[in-house]
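Student: My questions will all concern the structure given below.
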Ligand code: UDP
Ligand code: MG
């Protein structure tokens, strides 16, 4: 029985890399001697990325293009690619060649052994800033300690998933998606292959600090409500301290002549506690904002154009 593989590649302003990543992916997928499709999801690029992929579609029927109407984000792009994929096994890989396409062959081998999810775990990261490595390391470990779902550390979205896992993921409608966590949540038989993360082939990271923070907060809020409990614990702890201090004040008043003076101390304590209250309100706000996103029930993405998908209409305005 012939097998069909799908490779999903999210691309956002990747003009300098997209051709090279097509070449490398094609070389690897040809080695499988099976049929395959390369689905490039253009996440609202403003450079020549779309034109290049469009050209590739003309010369190679394996190539498919999905173009969003604007930038919806990396996680949404991955989701769209998975929704439109038709292979028995679906591989998600970044376009910048930081994830070596050759590892896909190892993933396929594990899949054939019977695993439903084969994720790429990074044993080393090359060519990334100290800040990025440090924050990534800290984030993955914090998330692990906050959630009950077993999300592997140092693991990105580079992975192979079986059709049945892909279908379950497509049926999940949540909006602020943290795909690597959702894959863990789904379950089934999962295993890792280890690889060294390479330097970006060309161009710059499309994850500036602001996007990184949003991504991290999405990961934590969608998989844990422990941050909400911080308010409760902190409240109890501070009330207890305040009570002890109250006893001290009464004792000072009754048995000594010494009285605490000065408004500076009162002001600093008051500002400190106001700060804590605002932080807690902010945390609650993050959760409420996400409930709001869910309740609006807008589609996850809007597709402006599809190319290379023979069995469907090429153009559609709203798709979800
Ligand atoms: N990407 C995307 N939409 C975005 C940001 C990134 O589709 O809004 C794609 C990007 O083109 C790349 C992948 O997601 O293929 C990972 O992005 P990047 O390499 O910039 O992230 P990093 O490896 O630096 O964390
Ligand atoms: Mg990258």
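Student: Can you give the Rg to Rh ratio of the chain, both from alpha-carbon atoms, with Rh computed by the Kirkwood formula?
Tutor: Across the chain, the Cα-based Rg/Rh ratio is 1.12.
Student: Compute the length gained on full extension between residue 60 and residue 209: take 0.36 nm times their separation in residues and subtract their Cα-Cα distance, giving the result in nm to one decimal.
Tutor: Numbers: separation 149, 0.36 × 149 = 53.64 nm, distance 3.67 nm.
Contour length minus Cα-Cα distance gives 50.0 nm.
Student: Let me ask something else. Could you line up 1, 82 from fewest to most neighbouring Cβ atoms inside 10 Å?
Tutor: 1, 82
Student: Turning to a different aspect of this structure: Using a simple spin-label model with points 7 Å from Cα along the Cα→Cβ vector, what separation in nm is obtained for residue 124 and residue 310?
Tutor: 4.4
Student: Using helices alone, what [θ] at 222 nm do you get for the chain, with -39,500 (n - 2.57) per DSSP H run of 4 or more residues, divided over all residues and rounded to the nearest 500?
Tutor: Helix contribution divided over all residues of the chain: -16500 deg cm²/dmol.
Student: If I take R0 = 56 Å and measure r between the Cβ atoms of residue 267 and residue 296 in this structure, what FRET efficiency does the formula 1/(1 + (r/R0)^6) give, to the nearest 0.05?
Tutor: The value I calculate is 0.85.
Student: Indicate the gyration tensor shape class of the stretch 50-185 (rounded, prolate or oblate), computed on the Cα atoms with a ≥ b ≥ c the square roots of the eigenvalues: a/c under 1.5 is rounded; otherwise a/b larger than b/c is prolate and the rest oblate.
Tutor: rounded
Student: Still on this structure: Which order do the peptides 154-167, 198-211 come out in when sorted by mean C-beta neighbours inside 10 angstrom, highest first?
Tutor: My ranking of the peptides, most packed first, is 154-167, 198-211.
Student: So, in nm, how far is label residue 102 from label residue 171 when the simple model puts each one 7 Å beyond its Cα toward the Cβ?
Tutor: 3.9
Student: Tell me, what is the FRET efficiency for residue 142 and residue 1 to the nearest 0.05, using R0 = 51 angstrom and their Cβ-Cβ distance as r? Kindly include the intermediate steps, with their values, before the conclusion.
Tutor: On the way: r = 44 Å, r/R0 = 0.87.
Result of the calculation: an efficiency of 0.70.
Student: Further question: Given 0.36 nm per residue, what is the gain on full extension from residue 35 to residue 256 after removing their alpha carbon distance, in nm?
Tutor: 70.8 nm
Student: Multiplying the sequence separation of residue 246 and residue 133 by 0.36 nm and subtracting their Cα-Cα distance, what value in nm do you get? Write out the running numbers ahead of the final one.
Tutor: Working: separation 113, 0.36 × 113 = 40.68 nm, distance 4.61 nm.
Full-extension gain reported as 36.1 nm.
The numbers here are math on the coordinates, done by the rules we state, and not lab data. Because the structure is predicted, anything quoted here is derived from the model rather than measured. No Cβ is skipped: glycine too gets one built from the backbone with ideal geometry, and neighbour counts run over all protein chains shown.
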